[in-house]
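Engineer: So that we are looking at the same thing, I have put the structure below in structure tokens.
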Amino acid sequence: MTGTVAYIQNTLKDYYPPSEIKAFIRLIMERVCDIQPHQFLLCKDKELSEKEKTQIYNIVERLVKYEPIQYIFGKTDFYGFEFLVDPSVLIPRPETEELVELIVHDYAKKSIDILDVGTGSGCIAITLRRLLKKAQVSALDISPEALKIAKRNAGINRVQLTFYEKDILQPSKTADSIEDEFDVIVSNPPYVMEKEKAEMEKNVLDYEPSLALFVPDDNPLLFYNNIARFAEQKLKKKGYLYFEINAQMGEAVVNMLRMMEFKNVELIQDLSGKDRFVKAQTWNR
């Protein structure tokens, strides 16, 4: 095992920082060789099989091309639960766990109807369904490939959701086609502006779905505006809208919602202190 670990470190040292390589080694040893981190010292002289060595070699070759390790293994963790991922869906981020936590805090033990717009892997919708035992949860996405992954993840996590294949950029048409109304509409929509590509990592640009990432520079609130228009029709009286946002666009999202006459609009920071979430309540209709 020691020689294989050295091979991983030496091959990746020019591509990733040491902390990330250490995390890769932990994952590779766990998932390929069934060796847990606390067993590393005891197993340092363990001879890996040729099959294991070949698997590790192939994984490292893919990492050299900056392919995300979550796609290589086909799964990742979110809020302590396991989710399948592939290049048709975004890899869930830690900030999105904070978005889930906001809703769980506000609605613990309450019977509510939730809709997750742009569900992707289903991580938000499925986690909310697991944590809020009295909630009914629905998930919407335009991508049939993403919905296939979300449905598989619902099965793995043993929850029942309602799924909609709809285009939120046609908010009135989509609202008219959905019979239910909701207490909560939550979304982590595309919000990265095209001009921000230059600052992004190669593993994101080359592998994660651009459909789920980018918005035009001249219309950065494209999805927020359309989701809010949809929410005007489908939020129940005193219902709430929850957004994950681009940290640069916090005030713009807040102002848009206030102009649309949403009330109790809040801009909330993530754990690193960046503007990351907006929460707003519908007017009494």
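Engineer: Just to be sure, is residue 72 more than 20 Å from residue 230 (Cβ to Cβ) and at pLDDT 95 or above?
Structural biologist: Details: more than 20 Å from residue 230 (Cβ to Cβ): yes; at pLDDT 95 or above: yes.
It is true that residue 72 is more than 20 Å from residue 230 (Cβ to Cβ) and at pLDDT 95 or above.
Engineer: Which pairs turn up if I take residues in the stretch 251-268 that are without any contact (Cβ under 8 Å) to a residue 12 or more places away in the chain and look for partners that are of a type outside the set (Lys, Arg) with beta carbon separation below 8 Å, at least 6 apart in sequence or on another chain?
Structural biologist: 258/265
Engineer: May I pose another question? Only residues that are open to solvent by 30 Å² or more (accessible area, probe 1.4 Å), part of a helix (DSSP H, G or I) and under 17 Å from residue 187 (Cα atoms): list them for the stretch 250-285, please.
Structural biologist: Once the filter is applied, which keeps residues that are open to solvent by 30 Å² or more (accessible area, probe 1.4 Å), part of a helix (DSSP H, G or I) and under 17 Å from residue 187 (Cα atoms), the stretch 250-285 yields only 252.
Engineer: Ok, one more. Any residue in the stretch 76-87 that is touching an Asp or Glu at 6+ places or on another chain (Cβ under 7 Å), buried (at least 17 other Cβ atoms within 10 Å of the Cβ) and of a type in the set (Phe, Trp, Tyr)?
Structural biologist: Yes, the stretch 76-87 contains a residue that is touching an Asp or Glu at 6+ places or on another chain (Cβ under 7 Å), buried (at least 17 other Cβ atoms within 10 Å of the Cβ) and of a type in the set (Phe, Trp, Tyr).
Engineer: Turning to a different aspect of this structure: Looking for something out of contact with any Pro (no Cβ under 9 Å at 6 or more places or on another chain), crowded, with 17+ Cβ neighbours inside 10 Å and over 22 Å from residue 75 (Cβ atoms) - is there at least one such residue anywhere in the stretch 124-132?
Structural biologist: Yes, the conditions are met somewhere in the stretch 124-132.
Engineer: Of the residues 34, 113, 106, 77, which is out of contact with any Leu (no Cβ under 8 Å at 6 or more places or on another chain) and at positive phi? Before you say what the answer is, go through the steps one by one.
Structural biologist: Values: 113 fails: at positive phi; 106 fails: at positive phi; 77 fails: at positive phi.
That would be 34, the only listed residue that is out of contact with any Leu (no Cβ under 8 Å at 6 or more places or on another chain) and at positive phi.
Engineer: Kindly list, by first and then second residue, each pair from a residue in the stretch 27-52 that is free of Cβ contacts under 8 Å to residues at least 40 places away in the same chain and under 18 Å from residue 6 (Cβ atoms) to a residue that is open to solvent by 60 Å² or more (accessible area, probe 1.4 Å) and not in a loop (DSSP other than H, G, I, E, B), limited to pairs with Cβ atoms under 6 Å and residues at least 6 apart or on different chains.
Structural biologist: Short answer, once both residue conditions are applied: 32/55; 37/26.
Engineer: Next question. Could you tell me which residue of the stretch 168-212 is nearest to the chain's Cα centre (by Cα), considering only residues that are buried (at least 17 other Cβ atoms within 10 Å of the Cβ) and of a type in the set (Asp, Glu)?
Structural biologist: 208
Engineer: Among the residues of the stretch 53-64, count how many are open to solvent by 30 Å² or more (accessible area, probe 1.4 Å), within 26 Å of the chain's Cα centre (by Cα) and touching a residue at least 12 places away in the same chain (Cβ under 8 Å).
Structural biologist: 1
Engineer: Let me ask something else about it. All but one of (1) open to solvent by 10 Å² or more (accessible area, probe 1.4 Å); (2) in contact (Cβ under 8 Å) with a residue 12 or more places away in the chain hold for residue 158; state the number of the condition that does not hold.
Structural biologist: Unmet for residue 158, out of (1) open to solvent by 10 Å² or more (accessible area, probe 1.4 Å); (2) in contact (Cβ under 8 Å) with a residue 12 or more places away in the chain: (2).
Engineer: Within the group 167, 218, which residue is over 20 Å from residue 96 (Cα atoms) and without any contact (Cβ under 8 Å) to a residue 12 or more places away in the chain? Step through it out loud before you land on a result.
Structural biologist: On the way: 167 fails: without any contact (Cβ under 8 Å) to a residue 12 or more places away in the chain.
Step by step, each of 167, 218 is checked, and only 218 is over 20 Å from residue 96 (Cα atoms) and without any contact (Cβ under 8 Å) to a residue 12 or more places away in the chain.
Engineer: Condition check: modelled with pLDDT of 95 or more, open to solvent by 50 Å² or more (accessible area, probe 1.4 Å) and over 23 Å from residue 235 (Cα atoms). Does residue 151 satisfy that?
Structural biologist: On the way: modelled with pLDDT of 95 or more: yes; open to solvent by 50 Å² or more (accessible area, probe 1.4 Å): yes; over 23 Å from residue 235 (Cα atoms): yes.
Yes: the conditions hold for residue 151.
Engineer: Continuing with this model, one more query. Just checking, does the stretch 76-96 include any residue being part of a helix (DSSP H, G or I), acidic (Asp, Glu) and touching a residue at least 24 places away in the same chain (Cβ under 8 Å)? Don't jump to the end; show me each part of the working.
Structural biologist: First, the residues of the stretch 76-96 that are part of a helix (DSSP H, G or I): 94-96.
Right, trim to acidic (Asp, Glu) and you get 95.
Within this subset, residues satisfying the condition of being touching a residue at least 24 places away in the same chain (Cβ under 8 Å) are 95.
Yes, the stretch 76-96 contains at least one residue that is part of a helix (DSSP H, G or I), acidic (Asp, Glu) and touching a residue at least 24 places away in the same chain (Cβ under 8 Å).
Engineer: Please enumerate the residues belonging to the stretch 213-243 that are under 21 Å from the mean Cα position of the chain (by Cα) and surrounded by fewer than 21 Cβ atoms within 10 Å (Cβ to Cβ).
Structural biologist: 213, 214, 215, 216, 221, 222, 223, 225, 226, listed by residue number.
Engineer: From the list 70, 9, which residue is touching a strand residue (DSSP E or B) at 6+ places or on another chain (Cβ under 6 Å) and either surrounded by 15 or more Cβ atoms within 10 Å (Cβ to Cβ) or in a helix (DSSP H, G or I) (or both)? First the steps, then the outcome.
Structural biologist: Working: 9 fails: touching a strand residue (DSSP E or B) at 6+ places or on another chain (Cβ under 6 Å).
Going through 70, 9 in turn, the sole match is 70.
Engineer: In the stretch 68-93, which residues are closer than 21 Å to residue 33 by Cα and among the acidic types (Asp, Glu)?
Structural biologist: Within the stretch 68-93, 77, 82 meet the criteria.
The values are calculated or read from the model by the stated rules, or taken from the named source; none is laboratory data. As the structure is a computational prediction, the values presented were derived from the model and not from experiment. Because the Cβ atoms are built from the backbone with ideal geometry, glycine has one as well, and the counts that use them run over all protein chains shown. To get the accessible areas, we keep the full protein, side chains included, count just its heavy atoms, and leave off ligands, DNA and RNA. Shrake-Rupley method; radii C 1.70, N 1.55, O 1.52, S 1.80 Å.
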